[in-house]
1. Being hydroxyl-bearing (S, T, Y) and more than 22 Å from A:A248 (Cα to Cα) narrows it down to one residue among A:S210, A:S203; which is it?
2. What do you reckon, is B:N268 at pLDDT below 90 and of a type in the set (S, T, N, Q)?
3. Which condition number does B:E232 fail, the rest of (1) of a type in the set (D, E); (2) part of a helix (DSSP H, G or I); (3) on the phi > 0 side of the Ramachandran plot being met?
4. Looking at this structure, is A:S44 within 14 Å of chain B (Cβ to nearest Cβ), free of Cβ contacts under 8 Å to residues at least 24 places away in the same chain and polar (S, T, N, Q)?
5. Out of A:L103, A:L92, which single residue is under 15 Å from the mean Cα position of the chain (by Cα), free of Cβ contacts under 8 Å to residues at least 24 places away in the same chain and part of a helix (DSSP H, G or I)?
6. Given the conditions (1) within 14 Å of chain B (Cβ to nearest Cβ); (2) at pLDDT 85 or above, which single one is not true for A:L69?
7. Does region B:320-343 contain at least one residue that is of a type in the set (V, I, T), closer than 30 Å to B:G409 by Cβ and out of contact with any strand residue (DSSP E or B) (no Cβ under 6 Å at 6 or more places or on another chain)?
8. With the structure loaded, tell me whether B:G246 is buried (at least 21 other Cβ atoms within 10 Å of the Cβ) and either assigned to a loop (DSSP other than H, G, I, E, B) or out of contact with any Pro (no Cβ under 6 Å at 6 or more places or on another chain) (or both) or whether it fails that test.
Amino acid sequence: MVKMILKRFLQTIPTLLIVVTITFCLTRMLPGDPAVAILGVEASAEDIAAMRAEMNLDKSLPEQYMLYLQGLVQGDFGYSYSYREDVLPLVLARIPNTLSLTLVALVFATIVGTTVGIVAAIKQNTLFDYFFMVLALIGVSMPIFWMALMLVLQFSVRMGLLPVMGMGDIKNGIGDVISHLLLPGFCLATTPMATFARTTRSSMIETLSSDYIRCLRARGVREWKVIGMHGLKNALPPLVTVLGLQLAHTFTGAIITEGIFSWPGMGTMINTAINNRDYSLIQGTVLFSAIMFVFCNMLVDVAYMLLNPKVKGA
Amino acid sequence: MRKRKITALLLAGLMAGMTLTGCGSSGGADSTTGAGTTAADAAGDTSAAAETDGVGGMSPDASVEGQSLEGTVKIGVTDAEPVEGGTLVISMPSSPLTLDPVDYTTVYESHVMSNVMETLFTWNEDYTDVEPWLATDYTVSDDGLSYTVNLRDDVYFQDGQYVQGRKMTAEDVKYSLERSKEESATDRVCRDFFDYVEVVSDTQVIIHMTAPAGPFISELAEIGTAIVPKEEVEGWGDDFASHIVGTGPFTLEEIVTDEHVVLAKNENYWGTKPHVDGIEFRIVSDSNQAINAVETGEVDIAMYLQGEAIQRAKDAGLLYQTASSAITYIRFNLQNGPTADPKVRQALTMAVDIDAMVPGIYQYGEATRAYQPLTAYSWAYNASYNDLVPSYDPEGAKALLAEAGYPDGFTMSLYIGSTTYRERMAQMLQYYWGEIGVTLDIHSSAMAEWSATVPDSWQDDVVNSYGVSWNSDPDPYGFVDKFFNTQTIHASSNAGGYTDEEMDKLLVEGFSLTDQEERKAIYDQIMEKVMNEYTGIYYAYECRNWAVSPKVHDARLRADNQVLVATSFNNVWLEP
C-alpha cells in the first residue's frame, strides 16, 4: 500500500515538470512587456532596460528557463514584481483563504447533493425526482457569476441579510465569518452539488436494482438499512471519483467566485498577476494550482484503493 | 420519512429563494430618486461652468444629464452642520501595490498616498491651477532658473517607526524632491530641467533649474513629489512602500493586499482635522458588486463603475459622472500612406457624424463629445477653436477625397485596444468612412500588443490610424507636448509621427515661460495650428462614473479620479 502511494507520488513529478514548462512558455507568449507593465508606458527606455535586466528578461529564453528551474529546485519560486514580495509566501498566504472557501462549498455540495441524489433514486420517476434532476441540470449549466449577482441582489441588497462581499474577520466573531462565507460558498457549491446529485442518483439506482439488494429486502431487512448501509456503501466509489475531480475543479473555479465576492484568495491574485504580466507570480500560482490538482487526483486514487481493494493491483 | 420531508422542504425553500432573485433582476428600475438632480445641482455649483458651456451643450442626444465637464464635482450638502466620526469606505477595483512616491505608477496607489502624504503645491478646488500647500508662497527669477519657495512653519510628520512627530523642514523638501528626481522610474519633477534644491533656512529653499520649465510648479502638486521624512525612507528601505509616513490628514494603519487599505485620522494634523475617523479603501473588482455594496451601505463611494453598473447606479439614484482628465481620440499616420495628405485627413474627419457617434458608443452617457486634444477644464482650453473641426458633410468629404486623388476611395487600417468602447467606435467609423468609399480594416488587440505595434508606426504604411486615450493633469504641456513634439516621435503619444520645426519652437516656448497668461497665448497658437492640420479626431471625454451613498457630504470628486476627503476647501462627513 505504502509502496503504491509512493509510486503514485513519484509519478506526479513529470506531470508537474510538464506544467512548469508549459506555463513558462505560455507566459512568455503573452503579448506585452512586463517591465512596461510595472513602470507604466511613460517610463524612459533606460529605466525599462534596467528593469528588464533586473528581471532577467534580457537573457535568452533557455537561460531564463534554466534559471527558473534552478530556483524551483531550491525552493525559490521567484519574486513578484507587482506585489513586490517573494512568490512563495504570497501564494502560501492565499491558499488557506481559497481552501476554506472551497472546502465549505464542497462539504455543502456533498451533503445536499448526495441527499438529493439518494432521495431521487429512491423516488425514481416521481415528481420529486424530475424536479430535482431538472434543477441539477440548471445547476450544472448556470454561469456562476450570474447566479452570484442574483443571490447578492436578493439576500444582500433587497433583504439585507448577508454582506455583499469580502471575507469575514474572526475578530468580529464567528458570525461575521459565517455570514461572509454563505453566498460565495453556495455559489461555488452549485456545480459540484448538481454533479453529486446526478452521480449519486444514477449510482444508487444501479446499486438498488442489483440482486443483493433484492435479497436483503426479501430477508426483511429494514428499508433504511438496505439503503443507508448496504446500498450507499456500494454506490460510493463513483462518487469518490467525482468528488476528487470536483475538489480540483472547485479550487480552480474559485477564481470567478473570488473575483465577484472580492475574496482575497488565489483567484484574485492570479488575475492581478496576469494583468501585470507578473511572470513569476503567474508561474507560481499555476504551479500551485497544478500541485493541488495532482494531489487531489492522487487522493482519489488512494481512496479508491481503500474502498475497492480490487483496484490495488491495477 | 420525516427526515426526507425536512430535506425536501429545505431544498424547496432554497429553490423558491432562487426564483425570487430571478424575478428581482428585472425589477431594479423602480427606485428612481433624483440621481440626475443631485448631480446636476452639484455641477451647477461649480463656478467654471460658464467657460465650458460651449462643450457641455453639444450632444443633445447623449444622455448627459448629471454629467459635468468641470474638473471637480461637489457631493452632498456643503453648508449643514457636519457630524464627527465614522469611516468613509471607498471601493476601487484593484489593490495599490507600492505607496512609495518614487515607485508608484497607478491611480489606486495615488488615492491612498494623497490622503497620507502632502506636496508643496496642490490643485485648487476647480482643478484648473495649483496653489501653495506645504509652501506658503514662491517667486521665480526672471530667467526662470530658480524658484524661491517659502515653507509653512507648522507642519509635522506623523508618528512612524523612526520619527515621532518631527517638524518638517527645508531639509526634508530637499531630500524628497531630489529623491523624486533621482529614483523615480518615470519623469517626475521635470527631472531633465530640475537641478537641485538649496536650503536657505528651515523654512526657505531655492530650487535650481538647468533650464526654465513652465509646468514645474504644477508638477510639484503631483503626489510623486510628496514630502517624506528621510529617517523613515531609509529606515524601512524597500518596506517604506508599505509603511509610508507623511504630513497628511490620515495615517496608514493597515494594508491587506487585494482586501483593503485602512487609514486613520491623524490626530496631530497641522491643518483642519478630518471629520471622519478614517478611510477604508476596499478592493472590489466587480462593478455590479460595488453598486450592491453602496446600496447596502457597506461602501460609501464606489469608483470606476463600468458598463451596466452605470445604469444600475443611475436607477438607484446614486450615480455621479464627472469629466475625466483624459481625451479619447483616433490619430492618423501623418507620414506614410493616404493619410499623410491633410486633405484626406480633413475628408475623413468630415465624413464622421461625431455628435451621433459619441452617444452611440457610450450608451450610458459615460462620455461627452470633445473637439480638441486637451481637457475642457484646462486653463489653456479655448472653446473658439471647436469650430475648426469640420462639421459632418459626407458629400463634401467625397469631393475632398476626389481632389486628393482618391475618387474611388482606398483601404486603410485602424489599430485599437480590444475594449467595447474602442470596438464600437471602430465599427461606426467603418460605416461612416464606408459611405465615402474608404474601406476600414479594424485591428483589435490586447492593449499590451497595441503598445508593441503602434509606437513608431508612422515609419511605414501599415498602421494608418489608431485609437486610444491619453490622460494628464490640466497643464496643456501634458497633452500637446506629448502629441506634437518631435522629441516624442518614438512614443505612443505621437505614434502618428507629428514633426514640425515651428511647432517644436512653440512648444519649447510654451514650456519654458513661467507666466500663465504668456503661456496661454502660445498654446492658443499651437492649438490653432494643430486643429488646422487634422491630425486626428479627438472625439470624446470619457467620464468617470461613481456611485455615492446619500449619507456622504462635502466630498469632491475630481477628474483625475481622486476623491478629495480633507482639503483646504472641503472636509467629508458622514450622516449617521
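The values are calculated or read from the model by the stated rules, or taken from the named source; none is laboratory data. Computed from a predicted structure; not experimentally measured. Backbone-built Cβ (ideal geometry, glycine too); neighbour counts: all protein chains shown.
1. A:S210
2. So B:N268 fails the test.
3. (3)
4. It is true that A:S44 is within 14 Å of chain B (Cβ to nearest Cβ), free of Cβ contacts under 8 Å to residues at least 24 places away in the same chain and polar (S, T, N, Q).
5. That would be A:L103, the only listed residue that is under 15 Å from the mean Cα position of the chain (by Cα), free of Cβ contacts under 8 Å to residues at least 24 places away in the same chain and part of a helix (DSSP H, G or I).
6. Of (1) within 14 Å of chain B (Cβ to nearest Cβ); (2) at pLDDT 85 or above, only one is false for A:L69: (1).
7. The answer is no, given that none of the residues of region B:320-343 is of a type in the set (V, I, T), closer than 30 Å to B:G409 by Cβ and out of contact with any strand residue (DSSP E or B) (no Cβ under 6 Å at 6 or more places or on another chain).
8. Against the criterion (buried (at least 21 other Cβ atoms within 10 Å of the Cβ) and either assigned to a loop (DSSP other than H, G, I, E, B) or out of contact with any Pro (no Cβ under 6 Å at 6 or more places or on another chain) (or both)), B:G246 qualifies.
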